[in-house]
Amino acid sequence: MSPTGVFPIVGPTGTISQLATLRLDAGSSNPQDSREHRHAQNLVMLQFRLAASNVETVLVTRVTVAGDGTGDEAVDVACVHLRRDNNGDGVYEPSVDDTLRYVGSRSFVQDDGTVSFDFAVPETIAAGTSQYWLVVYHLALSVGPLPGSTFRAMLRSADYVAATGKASRAPVTVEAVFPIQGGWKTITQAGVDRFELGQNLPNPFNPTTVIPFTLDRSSAVDLTVYDVQGRVVRRLISGAHLEAGDHRVTWDGQTENGSSAGAGVYFVRLSAGNETRVRRMTLIR
C-alpha cells in the first residue's frame, strides 16, 4: 500500500535572529582635555568600553588604535600599551591595572601613530557584561613633543570578532561610532622635571611671606603650615588640583581661625601624590 499525503510536509518557518552584539563606546571616565609640561610624565590615554549583548559570548581578537596630533607621532611616541582598566576609573594605575595585556609595536601610517593590537588569546566578553580598557600612549620625554604641540588617542576599530556557543558561526553585529576619541593633551612651553618646595621669602618675615614651589606633574596638592609641636596653624592649599610648573602662595601670618600667629618658628609642608617637602620659616613680631 502506497502512503498518501502532500509532500513535503512543511513545519512553521523559523528565523535565526542576531545572536551576538559587540558595543564599543568611550568609557564614563574617559580623560578630558589637559595640559602638561614637556618633561612631566606625559601619558595620553583613552578609556573605552567593550560590551556584549544578546545571547552569545563575544571574542575580540584585534583592536586598532591611533594617535592624532600636531606633532610627529613617529618621534613623539615612545610606546603604546593596552591595559584592562580593572576598577573602571579611567586613571592609569600600575598597581591596580597591572595586567599589561599588550604592548604595541608602532606601525605608523601617514604620521598618525596607528597601532594594531592582535590578541594572542582572544578576549572573552560574556553576554550581558562589559569591560573597561585603557589605551596608553607614552610620549617620549627626551626627544618628545615640542612645546605647543597637541596629541590625543583614539580607537579606530575592533575587528575579527566572533560569537561562541551553539551558533558559533553566527555573525557579530558591531555597534560603534568610530573613531572613539580621548581628550587632547597640550604640551606647554616650560620644561619641568623636579618636585621642589622653595625657601619662603622674606625669611624671617613680618607678617607676610611668599612660599614658592614647583610641581613636576599635575596633581592634587596640600600646602600646610605647622607649629613646632606639629599642630596645624594654617591650611594654605587643601587638595586643590594644580598643573605642573612653578607656583607661589602667600601666607599672611594668620591662623585657621583668623587670629595672628605668634612670633616663632613654623614649618610649611608641601604634599603632592607620594612626594613631600618641608621648609622651616621664622615669623617675627
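The values are calculated or read from the model by the stated rules, or taken from the named source; none is laboratory data. Note that the structure is predicted; figures quoted are calculated from it, not measured. Glycine gets a Cβ as well: all are built from the backbone with ideal geometry, and neighbour counts include every protein chain shown.
Observations, loosely collected:
- Test set (1) farther than 30 Å from ARG35 by Cβ; (2) modelled with pLDDT under 85; (3) surrounded by fewer than 16 Cβ atoms within 10 Å (Cβ to Cβ) - PRO202 fails condition number: (2)
- Selection within region 200-239 - aromatic (Phe, Trp, Tyr) and in contact with an Asp or Glu (Cβ under 7 Å, 6 or more places away or on another chain): PHE213
- Selected residue (criterion: modelled with the highest pLDDT) from residues of region 144-180 that are basic (Lys, Arg) and assigned to a loop (DSSP other than H, G, I, E, B): ARG169
- Residue within region 206-216 that is at pLDDT 95 or above and over 24 Å from VAL91 (Cβ atoms) present: no
- The lone criterion from (1) over 30 Å from GLY69 (Cα atoms); (2) touching a strand residue (DSSP E or B) at 6+ places or on another chain (Cβ under 7 Å) left unmet by THR186 is number (1).
- A single entry from VAL115, VAL135, VAL60 fulfils the requirement of being closer than 16 Å to ALA158 by Cβ, at pLDDT 80 or above and aliphatic (A, V, I, L, M): VAL135.
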